[in-house]
Amino acid sequence: MGRKAREIVERAGVNVNQLIEMLKKAYADEWIAFYYYSLLAKLAKGIGSTEIAEQIKKIANDELEHQSELADRIIQLGGEPPRKFEDLVKIANCPYVKVPENTGDLKAVVKAIIEAEGCAIEAYDKILKWLKEVGPDPITFHVIRHILQEEVEHEDLFETILGE
């Protein structure tokens, strides 16, 4: 834990415990997205599925990177990521991705990912707005802004795949 880092953030007016809870929820979202995206990449089938599965795998790896960045920040602020995997679903902003029954329906697979990315975008936007209101924490702001940018890119990629 970075005592001085936490002290500076608290002095800026940020309720660090509340921030840590928000970051834990986002951390849970990223693990869940990684799981579902990895699953969808394996289950996708049909014409064009290989290319789409490759894109899904790439984004799954991005989600794994995001959870690591969030875990680092949670720890830097004196918190601890959840220890029990089952707690992730309980605290997540976006606790599941709608996996289509027919994973050969690539349009439905892509729509499920777009919906999940939309939920992530909302969650990160909420954290950024909260940080702007309560006080400056440039490190957390930068981490969240970076992740939000990638989530927007993911949504755009899959909307482009759909032709939207």
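FYI, it's all coordinate maths here, none of it is from the lab. Please read all numbers here as calculations on a predicted model, not as lab measurements. Neighbour counts run over all protein chains shown; Cβ positions are idealised from the backbone, glycine included.
For the pair Arg83 and Glu133, the difference between a 0.36 nm per residue extended length and the Cα-Cα distance amounts to 15.0 nm.
If you build the Cα gyration tensor of the stretch 65-135 and take the root of 5 times each eigenvalue, what three semi-axes come out, in whole angstrom, biggest first? Present the calculation step by step, with values, prior to reporting the outcome.
Numbers: eigenvalues 159, 56, 20 Å².
Ellipsoid half-lengths, sorted descending, are 28, 17, 10 Å.
Distance between the 7 Å Cα→Cβ label points at Lys98 and Lys42: 2.4 nm.
At R0 = 41 Å, how high is the FRET efficiency between Glu7 and Lys107 if r is their beta carbon distance? Nearest 0.05 is fine. Can you show the working numbers first?
Values: r = 51 Å, r/R0 = 1.24.
For Glu7 and Lys107, the calculated efficiency is 0.20.
Please compute one quarter of the surface area of the Cα convex hull for the stretch 3-162 and express it in square nanometres. Kindly include the intermediate steps, with their values, before the conclusion.
On the way: hull surface 35.0 nm².
Quarter of the Cα hull surface area: 8.8 nm².
Each peptide in 64-75, 94-105 receives the mean, over its residues, of other Cβ atoms within 10 Å, and ordering these scores from highest gives 64-75, 94-105. Once the chain from Lys126 to Thr160 is taken as fully extended at 0.36 nm per residue, the excess over their C-alpha distance is 9.7 nm. Which residue fluctuates most in the GNM of the chain (Cα springs below 10 Å): Ile59, Ile20, Ile47? Among Ile59, Ile20, Ile47, the largest mean-square fluctuation in the Gaussian network model of the chain belongs to Ile47.
Backbone phi angles across the stretch 137-145, fed through the Karplus curve with coefficients 6.51, -1.76 and 1.60 (θ = phi - 60°), yield HN-Hα couplings of 9, x, 5, 4, 4, 5, 4, 5, 4 Hz in residue order; Gly and Pro are listed as x.
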